[in-house]
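Trainee: If you scroll down you'll find the structure; I have some questions about it.
The values are calculated or read from the model by the stated rules, or taken from the named source; none is laboratory data. No experiment lies behind these values; they were computed from the predicted model shown. When we count neighbours, we look across all protein chains shown, and the Cβ atoms used for this are built from the backbone with ideal geometry, even at glycine.
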Amino acid sequence: METKYIFVTGGVVSSLGKGIISSSLACLLKARGFKVTIQKFDPYINIDPGTLNPYEHGECYVTVDGHEADLDLGHYERFTNIQTTRANNITSGRIYQSVINKERRGDYLGKTVQVIPHITDEIKRNIKLLGNTGKFDFVITEIGGTVGDIESLPYLESVRQLRWELGDNCACVHLTYVPYVSAAKELKTKPTQHSVKKLQELGIQPDVLVLRTEQNIPVEMRRKIALFCNVAPDAVIQSIDVPTIYEVPIKMHEQHFDEIVLRKTRTSFEGEPDMTQWMQFLHKMNAAEKQVHIGLVGKYVELPDAYKSINEALLQSAIYNDRKLDLKFIQSEKLNDSNVGEVLAGLDGVLIAPGFGQRGVEGKFSAIKWCRENDVPTFGICLGMQSMVIEFARNVLSLPEANSTEMNPTTPDNVIDLMEEQKTISTMGGSMRLGSYDCQIAANSLAAKAYGKTLVSERHRHRFDLNNDYRKRLEENGMACVGINPDTDLVEVVEIPGKRWFLGVQYHPEYSSTVLNPHPLFIDFVKAAVEYSETK
Ligand code: GLN
C-alpha cells in the first residue's frame, strides 16, 4: 500500500502528551498488522538534544544508531516495540544546517534562500524520508511545540503544503486541552476553539481532535466542539487522565481513534487490533497488590522526566514481577555516610542513576557503600556503574583518593578514566561514545543468568570507562568484570558475586525496555528486590 502520513499537532498548552497520543495510535495500527514508524520534529535550533540540560527537556534518549534524541522517542519504542533511529528525530538546527550547507555548496546559486520554499522544502523532504524507504504503511509525524509558537510556523506551513500533495494519504490529528474551571464548576471549550482557529488560519483543517481533560466531557459538549471546529462529531474524542499512560491506547481504541484515522486515509481494514499481550500486561498491573520499594539515587530527582526511561523500565519490571512499583527519588547531593542508613532504610532495591559531573556524586558513593555492606540489591547504570567501581576501589582496595578523572583530573588512582578515543575530541555534542556496541558476558555470571545468553548489544552514552590497569586488582578483591566489549576490551559489566544482586553496567539498558519486551536486567533486579523484601 502507499505510505500514509499522520500529523500530530498540539494546541493551548505544552505537555499535553502528544508523544503518548502518537505512540498510542502507532501501537493500535501496529496491532492491526500495519508497519508503522513515528518521528518527532522539534522546532528548537539545537542540532540534537544531547547538550540540553535535563531540567529543560528531560532525559536525553539514545537510539541504537547513536543519536541523542528527544525523550518522546522512548515512548515510541516502549509503545510499539519498534526501534527508532537518527531519522526519527529532526530539529530546526538540522534543517537549517542542511540548507546552509547546500547554500555554501552553491546548490541554490543565484537564488535568495528563504524560509519558504527552501526551509519548508527541506522539512518536507525530511518528513518523507522514512516513508520513501517503502518500509512503512504509516509514518506518524509529531510536531513539537504548540500551535501559535513562532518557531513552529515553518513546520505547520510544510504540513499545509503536504496535505495538498498527499490528498487522502494524509490525516491531521490536533491535541488540545479542555480545562475544568472549578470556581464555575464547568469544562471550558473556548481554548480548544481558539487553538483550532489558529490552525485553520494557517490553512490546516484538523481531521481528528483529541481533547485532553481531567473530567469526562459530555457528548453534547463534544458535538459543540465538532460544530465550531469543522470536525466530524465522531472524530472528536477525549483523552481523560488515566492512572497509567499504558491505558491510553485502550481508551483511544474504545473511541475508535484507529478506525477514524484508517477511514480518513482510505485504508482498507477489517477486524480488531490484536492487543492480547498488551491487555495481559494491564491485567497484571491492575491485579498487583503488594509493592516493591525501589530507591533511585540521582541528582535530577526533582524532575522525574530526567530519568524517564529508568522509571518506565522499573515500572514494567515491577508489573512483570506482580508488584506495584513504589519508586522513591533520592537526591544524591543530600546523601552522606551518616544519613544514608536512615534515607535508604526499608528499600528493597537501589538504582544508582547515570549522570555527569561532580555534583551529587559523593552521595552516590555513600549509597553504594551502604547497599554493598548491607547486601541490598543494587543496580548501577553508567555513572552509577562507574561509582560502584570508585567506591569499591576506595573502601575495599583501600585507595581513598580513587576517582574518575571526570571528577578529579589529577587523582592518583584513576580507576575510571577518559577513553583513548575521547582524548582528542573537543567539540560539544555527539562527542560521546554513543549507540549500540556488543558485549560478551561471562557464563555463570549474574548478568548471563538474567539475559539467558552471553552475547548482547546495548546502547551507550559516555566518555569515561573503567581503567583496565585496575582490572586485576578489582577482580582479586571480589569485583568481577563479567561483561567485556569483544573489540575494544572495555569493561561493560561489573558485579560482586556472593551478594544478593550487585551489578553495574556501563551501558543503558533502560532505553531498550518496552512494554512487550521488558529488559532482562531490570526484570532480574526487581525480582531480586522482591525476593529480598520477602526475607525481611
Ligand atoms: N559521566 C560519565 C561518562 O561520561 C557517565 C555518563 C552517563 O552516566 N551517561 O562516562
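Trainee: Sort through 209, 166 and tell me the only one that's buried (at least 16 other Cβ atoms within 10 Å of the Cβ) and in a helix (DSSP H, G or I). If you could, list the steps in order and put the result at the bottom.
Mentor: Values: 209 fails: in a helix (DSSP H, G or I).
Step by step, each of 209, 166 is checked, and only 166 is buried (at least 16 other Cβ atoms within 10 Å of the Cβ) and in a helix (DSSP H, G or I).
Trainee: Has the stretch 186-202 got at least one residue that is on the phi > 0 side of the Ramachandran plot and loosely packed, with under 15 Cβ neighbours inside 10 Å?
Mentor: In the first step, residues of the stretch 186-202 are kept if they are on the phi > 0 side of the Ramachandran plot; the result is none.
No.
Trainee: Filter the helices (runs of 4 or more DSSP H) completely within the stretch 340-413 down to those with at least 1 residues that are under 15 Å from residue 494 (Cβ atoms).
Mentor: Passing ranges, in order: 361-374, 383-395.
Trainee: May I ask you to verify whether residue 327 is surrounded by fewer than 24 Cβ atoms within 10 Å (Cβ to Cβ), at pLDDT 95 or above, in contact with a Pro (Cβ under 9 Å, 6 or more places away or on another chain) and not charged (D, E, K, R)?
Mentor: In short, yes.
Trainee: If you don't mind, another one. So which of 505, 526, 530, 494 ends up being β-branched (Val, Ile, Thr), surrounded by fewer than 22 Cβ atoms within 10 Å (Cβ to Cβ) and at pLDDT 95 or above?
Mentor: 530
Trainee: Going by the structure shown, is residue 448 surrounded by fewer than 17 Cβ atoms within 10 Å (Cβ to Cβ), more than 10 Å from the ligand (Cβ to nearest atom), modelled with pLDDT of 95 or more and of a type outside the set (Ser, Thr, Tyr)?
Mentor: For residue 448, the condition - surrounded by fewer than 17 Cβ atoms within 10 Å (Cβ to Cβ), more than 10 Å from the ligand (Cβ to nearest atom), modelled with pLDDT of 95 or more and of a type outside the set (Ser, Thr, Tyr) - is not met.
Residues checked against (1) out of contact with any Leu (no Cβ under 8 Å at 6 or more places or on another chain); (2) within 16 Å of residue 322 (Cβ to Cβ); (3) of a type in the set (Gly, Ala, Ser):
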{"position": "241", "(1), (2), (3)": "yes, no, no"}
{"position": "250", "(1), (2), (3)": "no, no, no"}
{"position": "259", "(1), (2), (3)": "yes, no, no"}
{"position": "264", "(1), (2), (3)": "yes, no, no"}
{"position": "270", "(1), (2), (3)": "yes, no, no"}
{"position": "285", "(1), (2), (3)": "yes, yes, no"}
{"position": "288", "(1), (2), (3)": "yes, yes, yes"}
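Trainee: Every residue in the stretch 18-67 that is among the basic types (Lys, Arg) and surrounded by fewer than 19 Cβ atoms within 10 Å (Cβ to Cβ), please.
Mentor: Of everything in the stretch 18-67, just one residue is among the basic types (Lys, Arg) and surrounded by fewer than 19 Cβ atoms within 10 Å (Cβ to Cβ), namely 35.
Trainee: In the stretch 451-462, what residues are outside any strand (DSSP E or B) and surrounded by 18 or more Cβ atoms within 10 Å (Cβ to Cβ)?
Mentor: Once the filter is applied, which keeps residues that are outside any strand (DSSP E or B) and surrounded by 18 or more Cβ atoms within 10 Å (Cβ to Cβ), the stretch 451-462 yields only 451.
Trainee: May I ask you to say which residue of 98, 15 is in a loop (DSSP other than H, G, I, E, B), surrounded by fewer than 23 Cβ atoms within 10 Å (Cβ to Cβ) and out of contact with any Phe, Trp or Tyr (no Cβ under 8 Å at 6 or more places or on another chain)?
Mentor: Going through 98, 15 in turn, the sole match is 15.
Trainee: Further question: Within the stretch 470-493, can you find the residues that are in a strand (DSSP E or B) and within 14 Å of the ligand (Cβ to nearest atom)?
Mentor: Answer for the stretch 470-493, where residues must be in a strand (DSSP E or B) and within 14 Å of the ligand (Cβ to nearest atom): 491, 492.
Trainee: Then there is this: Going through 300, 307 one at a time, which residue ends up being modelled with pLDDT under 95, assigned to a loop (DSSP other than H, G, I, E, B) and within 16 Å of the ligand (Cβ to nearest atom)?
Mentor: On the way: 307 fails: assigned to a loop (DSSP other than H, G, I, E, B).
Of the residues listed, the single one that is modelled with pLDDT under 95, assigned to a loop (DSSP other than H, G, I, E, B) and within 16 Å of the ligand (Cβ to nearest atom) is 300.
Trainee: Could you say which residue among 173, 159 is at pLDDT 95 or above, crowded, with 21+ Cβ neighbours inside 10 Å and part of a helix (DSSP H, G or I)?
Mentor: Going through 173, 159 in turn, just one is at pLDDT 95 or above, crowded, with 21+ Cβ neighbours inside 10 Å and part of a helix (DSSP H, G or I): 159.
Trainee: Assess whether residue 99 counts as being β-branched (Val, Ile, Thr), free of Cβ contacts under 8 Å to residues at least 60 places away in the same chain and farther than 27 Å from residue 3 by Cα.
Mentor: no
Trainee: Could you list, in sequence order, the residues of the stretch 323-339 that are part of a loop (DSSP other than H, G, I, E, B) and either touching a residue at least 40 places away in the same chain (Cβ under 8 Å) or β-branched (Val, Ile, Thr) (or both)?
Mentor: Selection gives 323 alone.
Trainee: For residues that are more than 16 Å from the ligand (Cβ to nearest atom) and of a type outside the set (Ser, Thr, Tyr), tally how many sit in the stretch 451-468.
Mentor: Total satisfying the criteria: 4.
Trainee: Is it true that residue 359 is farther than 13 Å from residue 502 by Cα, within 13 Å of the ligand (Cβ to nearest atom) and surrounded by fewer than 20 Cβ atoms within 10 Å (Cβ to Cβ)?
Mentor: Values: farther than 13 Å from residue 502 by Cα: yes; within 13 Å of the ligand (Cβ to nearest atom): yes; surrounded by fewer than 20 Cβ atoms within 10 Å (Cβ to Cβ): yes.
Spelling it out, residue 359 is indeed farther than 13 Å from residue 502 by Cα, within 13 Å of the ligand (Cβ to nearest atom) and surrounded by fewer than 20 Cβ atoms within 10 Å (Cβ to Cβ).
Trainee: Take residue 318 and tell me if it is within 16 Å of the ligand (Cβ to nearest atom), in contact (Cβ under 8 Å) with a residue 24 or more places away in the chain, under 13 Å from residue 294 (Cβ atoms) and assigned to a helix (DSSP H, G or I).
Mentor: Criteria not met by residue 318.
One line per residue, one yes/no per condition, for (1) away from the ligand (no atom under 15 Å from the Cβ); (2) over 23 Å from residue 478 (Cα atoms):
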residue: 340; (1), (2): yes, yes
residue: 344; (1), (2): yes, yes
residue: 368; (1), (2): no, no
residue: 375; (1), (2): yes, no
residue: 381; (1), (2): no, no
residue: 384; (1), (2): no, no
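Trainee: Residue 345 passes all but one of (1) touching a strand residue (DSSP E or B) at 6+ places or on another chain (Cβ under 7 Å); (2) over 15 Å from residue 380 (Cα atoms); (3) among the hydrophobic types (A, V, I, L, M, F, W, C); which number fails?
Mentor: (1)
Trainee: Do we find that residue 6 is of a type in the set (A, V, I, L, M, F, W, C), crowded, with 21+ Cβ neighbours inside 10 Å and more than 20 Å from residue 61 (Cβ to Cβ) in this structure?
Mentor: In short, yes.
Trainee: Moving on. Given the structure, is residue 294 in a helix (DSSP H, G or I), of a type outside the set (Asp, Glu) and in contact with an Asp or Glu (Cβ under 8 Å, 6 or more places away or on another chain)?
Mentor: no
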